[in-house]
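The values are calculated or read from the model by the stated rules, or taken from the named source; none is laboratory data. In this text, all values refer to a predicted model and were calculated from it rather than measured experimentally. Neighbour counts are summed over all protein chains in view; Cβ atoms, including those assigned to glycine, are modelled from backbone coordinates with ideal geometry.
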Amino acid sequence: MKNSIPEEKIRAVIEACSDCDVCRHLMDADCLFFPQLYRLWDQEQETGEPASSRELRDLTDRCNFCALCPCPNIRADIIDAKTKFIARDGLKYGVRTIEDVERIGEICGAFPKMFNTLLRHRWSGSLVKQAFGIHPERKFPTFTQKDFSKWAKENNLHVQGHPDSKRKVAFFVGCTGRFLFPEVPKAAVTMLQNCGVEVYVPEQKCCSMPALLEGDRQLAIGFMRFNLQQLTEAVDAGYDIVCSCSTCGFMLKNLLKEGAYYSDEYQQTVRGDESLLKVPAGKDLLDGHREEGFVVLQKSIYGKILKDEGYFSALRAQDRIRVAEHTFDLGEYLEKLLQTGELSAPVKTFGGRMVYFPPCHGREQNIGRPYIKLLTLLPNLRMESIDGHFTCCGMAGIMGFKREFHESSIRLGQRLMDRIRQIDPDRIVTDCLSCRLQFNQCLPHPVSHPIEVLEKAYTGQ
Ligand code: SF4
Ligand code: SF4
């Protein structure tokens, strides 16, 4: 039976990681979870006193699912423990409000002038922050006068185009792009259309990452159920799904389909022999007999471990696989268009020095650095990439906003900020809009999504 007691679930993680010990040093500087895990473990060894339920709950709060640590099963277990804590003990009011980025965007987006004034004013701004558990020093982004969805409707992007279009993209925008930085998805639309791609913006909700991170499974599954239906319909109509936000891409490509290949629903479509499990080769880190693009395993041995128990296993496995397999990161998609000759030459040159920061959920997609390839094609532009696998901006989704995490969030990003200060570029470029918020918090340099730079270079606007 699956462990349903949160304390036991997180204890199992503590036992496994203290036994292994790799992340004691590996994740020391870029994660809030592991340093605390080892502190608790060492304290237990010294005093013989086990960590309290409160300490265990606080420990799970420190993981932001950045996916930088080596074991996917460990971070899945941390989120599972946190979800179980929330299911049993509930969610704080402030967190319940700010985790629903979709609703905040809709409410504040309906009266942007009023909310922007309210948040900018020192006295009213600190009252709002206090009410929602936001740290007083955290800069709040400005709500746009017209969000992207309204613009997309005005430009008729909410309806599907001609069924015979050669290249068709269903654009999954993400909340931050829709409500705070609409210039980013607009640049993506212009760029794709410039390459002859038909762009359709289906109805969509939050990708679910903030709700998943806060342990609110019900909200996360509700968002994903809605998105899955819209996106499956788009895939059935021949659309590729493209995400300009690396976290949305990570959700749709990676997390959504976790476990789906092991489901009976999928197995019935691929296996002839009931005693076997067949998983597409390269889709999982599985080793075994290979046959026509599949790894073939004995069900009697592997069937007990390899089950459809991913976070989204309540949703239809075949739909999850279809959507995941048709989703591309925007940079990855543009690189594809470059290879097929559908992305023509840039028409504008601009000099200067930019530094590109690859966000963690982009790195996790294993697609290389498409934006670096595209940006280095721009004549006269000097590009530098901040790499090093374990570099984090510290924003951690909505965690950086929280009163209790703001200072740790700034500390976590310190190394990266120091490196950028050293380079002192004309502009920082990153495809994660949460990282952009953190750069805006910590540094004076202007920040762009790479698609904004590319749009200017390719359209001359
Ligand atoms: S996450 Fe994996 S590598 Fe890191 S300490 Fe835990 S078991 Fe070891
Ligand atoms: S996913 Fe990120 S925050 Fe969570 S334990 Fe791993 S490295 Fe730390």
Query raised in the report: For the stretch 336-367, how many residues meet the condition of being more than 19 Å from C435 (Cα to Cα), among the small types (G, A, S) and at pLDDT below 90?
Result: 4
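So, I410, is that one without any contact (Cβ under 8 Å) to a residue 40 or more places away in the chain and outside the structural domain of L26 (by TED's automatic domain parsing) or not? Before the answer, list the steps.
Working: without any contact (Cβ under 8 Å) to a residue 40 or more places away in the chain: yes; outside the structural domain of L26 (by TED's automatic domain parsing): yes.
Judged against the criteria, I410 is a match.
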Query raised in the report: Which one of K129, K139, K146, K168 is over 26 Å from V447 (Cβ atoms), surrounded by fewer than 23 Cβ atoms within 10 Å (Cβ to Cβ) and over 21 Å from the mean Cα position of the chain (by Cα)?
Result: K168
Query raised in the report: Considering only residues of the stretch 61-86 that are over 18 Å from A396 (Cα atoms) and touching a Leu at 6+ places or on another chain (Cβ under 9 Å), which is surrounded by the most Cβ atoms within 10 Å (Cβ to Cβ)?
Result: A81
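In the stretch 61-75, what count of residues is obtained for those that are more than 26 Å from G133 (Cα to Cα) and either more than 13 Å from ligand 1 (Cβ to nearest atom) or not in a loop (DSSP other than H, G, I, E, B) (or both)?
As a first pass, look at the stretch 61-75 and keep what is more than 26 Å from G133 (Cα to Cα): 68-74.
Right, trim to either more than 13 Å from ligand 1 (Cβ to nearest atom) or not in a loop (DSSP other than H, G, I, E, B) (or both) and you get 72-74.
Going through the stretch 61-75 one residue at a time, the tally reaches 3.
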Report task. Considering only the stretch 1-54, state which residues are closer than 27 Å to E309 by Cα, among the β-branched types (V, I, T) and away from ligand 1 (no atom under 16 Å from the Cβ). Result -> I5
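Does the stretch 271-292 contain at least one residue that is assigned to a helix (DSSP H, G or I), farther than 16 Å from S313 by Cβ and either among the β-branched types (V, I, T) or outside the structural domain of R75 (by TED's automatic domain parsing) (or both)?
Filtering the stretch 271-292 for residues assigned to a helix (DSSP H, G or I) gives none.
Scanning the stretch 271-292 turns up no residue that is assigned to a helix (DSSP H, G or I), farther than 16 Å from S313 by Cβ and either among the β-branched types (V, I, T) or outside the structural domain of R75 (by TED's automatic domain parsing) (or both).
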Query raised in the report: Considering only helices (runs of 4 or more DSSP H) fully contained in the stretch 1-60, which possess at least 3 residues that are more than 16 Å from ligand 2 (Cβ to nearest atom), free of Cβ contacts under 8 Å to residues at least 40 places away in the same chain and farther than 14 Å from I74 by Cα?
Result: 33-47
